[in-house]
Each structure stands twice: as structure tokens, then as C-alpha cells.
Amino acid sequence: MLLRSITTLFLLLSMLGSLAQSNKNIILEEFTGSWCGLCPSGAVTFDQIEAQFNNVIGVAVHISDPMEASGSLSLSEMYTGGGVNMFLIDRHHFADASFIPFSFEYEPLATKINERLATPAPLVVNISDMQYEITTQKLSIDVEANIINDINTGELRFNLWIVEDSVSSTNNGYAQSNFFNTEVNHPYYNAGHPIPNFVHKRVLRQRLGGNWGTPQSLSIAPINAESTYNYTYNFTVDSAWQKTQLWAVALVQQYDTITNNRSIINATQIPIAPAFNNLSLSNPSPSAVQDIKLTVQATTTQQLQANVHTTVAQNATIRVFTIQGQLLKTLFSGFLTPGIHYFEQHLPYKGLYIIHVEQETQSISQKVIVLN
């Protein structure tokens with residue numbers, strides 16, 4: 001199967017955790033660089049914020065190193081004067097702040113994040129579909145904005161960012177400079193200067209809508225409540241990127257001739273990995289002939305039971321994936337005769353899993369949540 005898709009249900013389920021507290025997700029941009037000796041402290045703050053807030057989507061914007069994305073340098077020059085170890089919270093200009101960027105201290109960032117979260121967003125952003133063409137390595141991602149409240153001023157634009165987590169390399173420019181190597185109480189004490197094989201988290205790889213969003217992709221106010229807008233992004237996946245570590249970050253941002261009025265309104269994120277693994281939760285067409293039925297349940301002690309009912313004899317492969325799209329176990333690969341077949345698998349931890357059955361004529365997937 002060349003076309004690989006993920007449906008709205010699966011994509012929304014993958015984000016239930018971050019949407020549980022608020023309809024608002026914050027984009028936290030960390031301007032950093034592997035050459036920056038102070039930036040390990042920014043990395044510590046970055047981790048603390050993400051651990052504390054479920055509604056924060058952290059993105060590391062690298063400057064002047066091999067991980068720099070197109071447009072990042074001009075963005076940093078506009079907001080931070082080209083400086084690094086700085087943070088932007090939704091690119092929002094808080095009324096009591098002289099500047100938009102913040103330094104790497106945890107408390108001021110946490111205070112302003114709470115302030116930003118206290119104001120509900122007038123819209124919700126979703127990723128409604130994702131399709132991957134394996135022969136061309138082209139990925140198509142549909143983004144959607146559901147308007148909750150009337151929006152009476154400004155121009156809104158969609159954007160889609162591609163983020164790669166856990167980037168590490170022995171190539172020149174990836175080792176992390178570390179001024180805290182001799183500071184005893186620092187988390188990066190004695191880690192090296194520079195730190196070899198440093199794992200760079202949440203690296204921004206590409207902004208498909210540029211720094212300021214895709215023009216004419218959404219709408220100009222007035223925008224009425226209960227309306228829905230959609231936009232599709234298409235791009236080729238860089239072969240150098242780790243497919244299992246890629247995330248799609250969809251956002252709606254405000255555009256204005258005044259830089260201080262270019263806040264990010266709301267955002268969401270999902271792992272891209274399931275698209276590469278042929279996971280689909282789409283329902284068959286009512287007119288389609290179903291050769292296979294799948295029933296999945298989680299029993300006690302994290303035990304999974306999958307019942308596969310096939311009406312024709314053919315080859316089949318049954319796999320268990322994590323929600324990030326990583327293959328956990330192949331339950332079966334071979335010839336299935338007509339009838340009901342039972343498969344069991346112990347799961348390593350609680351959480352959401354995807355069971356995928358692929359036959360010669362069709363494929364089907366189902367989610368299962370393990371709570372025990």
C-alpha cells in the first residue's frame with residue numbers, strides 16, 4: 001500500500017493528554033545553538049517547563065549550527081537581536097513586559113505561561129489527516145481550525161512546523177559547548193566542554209508556512225464562531241531525518257504589520273511516525289466487502305488480546321505499535337485460514353497502543369488503551 005493515512009480520530013486521541021486542562025496550547029520557542037556555552041542551562045529550563053506543563057509545545061530553534069532551519073536567523077534577529085539562550089512564549093507581547101523574549105530562568109517563564117494559559121483561545125487547531133507516499137517520500141498533512149468565539153480583528157494564518165526529537169551526531173557542530181562543566185551543582189557538571197554525543201531535543205527542522213504563516217490560508221476578521229477552516233501542506237521528507245522522531249506542529253498565528261501583534265493563537269502536535277508505518281483507523285466504505293474483522297481488548301496485568309476474524313484464506317501480518325508509531329511486536333506473519341484467530345501479547349506499560357492487521361486485500365487497525 002503506497003498511500004498511508006491517519007484519520008482524525010487517531011490524531012485527536014494522540015493529543016488528549018495535552019488538551020485535558022485547557023483548549024489552549026502554548027508554543028515555547030527556545031533560541032539556542034551548539035556553540036553557546038550558556039545554552040545547557042536553557043536546555044534544563046526547557047525540560048523543566050515541558051515536565052510541568054502539559055499544554056506547552058517546546059521547539060528548539062537553532063542558530064548558526066548544522067541544525068539551523070531556514071528563516072531562523074532572521075527570526076532571531078527580529079526578536080532577540082540574534083542572541084540565543086532566549087525564549088518566546090507564543091511570540092506574545094505581555095502588557096507588563098518591555099520585550100517579547102525571556103531569558104532562561106524558570107520562574108519568570110512559568111509565571112507568564114500560566115498567565116497565557118488563563119486566557120482561553122478563540123479557536124482549536126487539529127491535524128485532521130496525514131498521508132505518506134512511500135515512493136516519493138512526500139507527506140501531505142491537513143490542518144483544521146475550529147472557531148469557538150467570534151474573532152473581530154486581525155488576519156489569521158495557518159502554519160505547520162516539522163520537529164525532530166533526539167538529534168545527535170559525531171559530525172562537526174553537534175557537540176554542545178558547556179560553560180557549566182566545572183560548576184559542581186549544575187546538571188551538566190563534568191559532562192564535558194564541549195559535550196560529545198549531546199542529544200538535542202525538539203529540533204525545529206522546517207516551517208512550511210515560513211516565519212509568519214501561509215498567506216491567505218485561513219481568513220481575515222471578522223471570523224464567525226462555529227466556522228471551520230482547512231488547509232493542506234505537502235512536502236518531501238528529508239532522508240537525513242529520523243522518521244521515528246518526527247513531529248508535526250500545527251498552529252494558527254496572527255499576522256500584522258506590527259511585529260508585537262504577531263502572536264500564536266493556538267497549536268497542536270502529533271507524532272508523524274504512524275504515517276510511515278502504514279497505520280490507518282479509517283472505517284471501510286459501507287459498500288466495501290470486508291474480508292477481515294478485528295476485535296481488541298486489554299485484559300488484566302497489561303495483557304492484550306486480539307481476535308481476528310477473516311472470511312477468506314490469505315497472507316496476513318498482525319503488528320502492535322506504540323502511539324508514537326514504533327513497532328513493538330509482530331504477533332503473526334503468515335497464512336490465515338478462514339475463521340477466528342486469537343492472539344495475546346503482554347504490554348510493557350500502561351498507555352495507548354495500535355493493533356494493525358494487513359492482508360493482501362485490505363488492512364485495518366484498532367486502538368486499545370491499557371489502564372491496568
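Being among the charged types (D, E, K, R) and at pLDDT 95 or above, is that true of even one residue in the stretch 206-224? Explain how you work it out, then say what you get.
Pass one, the stretch 206-224, residues among the charged types (D, E, K, R): 207.
Keeping just the survivors that are at pLDDT 95 or above gives 207.
Among the residues of the stretch 206-224, at least one is among the charged types (D, E, K, R) and at pLDDT 95 or above, which makes the answer yes.
In the stretch 9-25, is there at least one residue being surrounded by 17 or more Cβ atoms within 10 Å (Cβ to Cβ), closer than 24 Å to Ser166 by Cα, at pLDDT 50 or above and assigned by TED's automatic domain parsing to the domain that holds Pro196?
yes
Go through the residues of the stretch 175-182 one by one and say whether even a single one is closer than 18 Å to Val44 by Cα, in the same structural domain as Gln269 (by TED's automatic domain parsing) and in a strand (DSSP E or B).
There is at least one residue in the stretch 175-182 that is closer than 18 Å to Val44 by Cα, in the same structural domain as Gln269 (by TED's automatic domain parsing) and in a strand (DSSP E or B).
What strands (runs of 3 or more DSSP E) lie completely within the stretch 238-313 and have 3 or more residues being modelled with pLDDT under 80 and over 26 Å from Lys24 (Cβ atoms)?
Values: elements: 246-255, 264-271, 292-298, 303-310.
Correct list: 292-298.
Taking the stretch 81-101, which residues are surrounded by fewer than 21 Cβ atoms within 10 Å (Cβ to Cβ) and in contact with a strand residue (DSSP E or B) (Cβ under 6 Å, 6 or more places away or on another chain)?
Selection gives Pro101 alone.
Do you know which residues across the stretch 50-72 are under 23 Å from Tyr106 (Cα atoms), under 19 Å from the mean Cα position of the chain (by Cα) and not in a helix (DSSP H, G or I)? Explain how you work it out, then say what you get.
Step one: list which residues in the stretch 50-72 are under 23 Å from Tyr106 (Cα atoms), which gives 50-63.
Cutting the leftovers down to under 19 Å from the mean Cα position of the chain (by Cα) gives us 50-62.
Phe53, Asn54, Asn55, Val56, Ile57, Gly58, Val59, Ala60, Val61, His62, listed by residue number.
For the stretch 253-276, how many residues are among the β-branched types (Val, Ile, Thr) and under 15 Å from the mean Cα position of the chain (by Cα)?
Filtering the stretch 253-276 for residues among the β-branched types (Val, Ile, Thr) gives 257-259, 264-265, 268, 270, 272.
Going one step further and asking which of them are under 15 Å from the mean Cα position of the chain (by Cα), we end up with 268, 270, 272.
Number satisfying all stated conditions: 3.
Residues of the stretch 192-209 being touching a helix residue (DSSP H, G or I) at 6+ places or on another chain (Cβ under 9 Å) and either outside the structural domain of Ala175 (by TED's automatic domain parsing) or in a loop (DSSP other than H, G, I, E, B) (or both), which ones?
Of everything in the stretch 192-209, those that are touching a helix residue (DSSP H, G or I) at 6+ places or on another chain (Cβ under 9 Å) and either outside the structural domain of Ala175 (by TED's automatic domain parsing) or in a loop (DSSP other than H, G, I, E, B) (or both) turn out to be Phe198, Lys201, Arg202.
Would the stretch 213-223 turn up any residue that is buried (at least 17 other Cβ atoms within 10 Å of the Cβ), within 16 Å of the chain's Cα centre (by Cα) and outside any loop (DSSP other than H, G, I, E, B)?
no
Before we move on, is Ile100 in a loop (DSSP other than H, G, I, E, B), closer than 19 Å to Ile26 by Cβ, touching a residue at least 40 places away in the same chain (Cβ under 8 Å) and touching a Ser or Thr at 6+ places or on another chain (Cβ under 9 Å)?
Details: in a loop (DSSP other than H, G, I, E, B): yes; closer than 19 Å to Ile26 by Cβ: yes; touching a residue at least 40 places away in the same chain (Cβ under 8 Å): yes; touching a Ser or Thr at 6+ places or on another chain (Cβ under 9 Å): yes.
In short, yes.
On the given criteria, is Leu208 surrounded by 14 or more Cβ atoms within 10 Å (Cβ to Cβ), in contact (Cβ under 8 Å) with a residue 12 or more places away in the chain, in contact with a Pro (Cβ under 8 Å, 6 or more places away or on another chain) and not acidic (Asp, Glu)? So that I can check it myself, show each step before the final result.
Working: surrounded by 14 or more Cβ atoms within 10 Å (Cβ to Cβ): yes; in contact (Cβ under 8 Å) with a residue 12 or more places away in the chain: yes; in contact with a Pro (Cβ under 8 Å, 6 or more places away or on another chain): no; not acidic (Asp, Glu): yes.
Spelling it out, it is not the case that Leu208 is surrounded by 14 or more Cβ atoms within 10 Å (Cβ to Cβ), in contact (Cβ under 8 Å) with a residue 12 or more places away in the chain, in contact with a Pro (Cβ under 8 Å, 6 or more places away or on another chain) and not acidic (Asp, Glu).
The values are calculated or read from the model by the stated rules, or taken from the named source; none is laboratory data. This one's a predicted model, so the numbers in the text were calculated from it and none came from an experiment. Every residue, glycine as well, gets a Cβ built from its backbone with ideal geometry; the counts of neighbours run over all protein chains shown.
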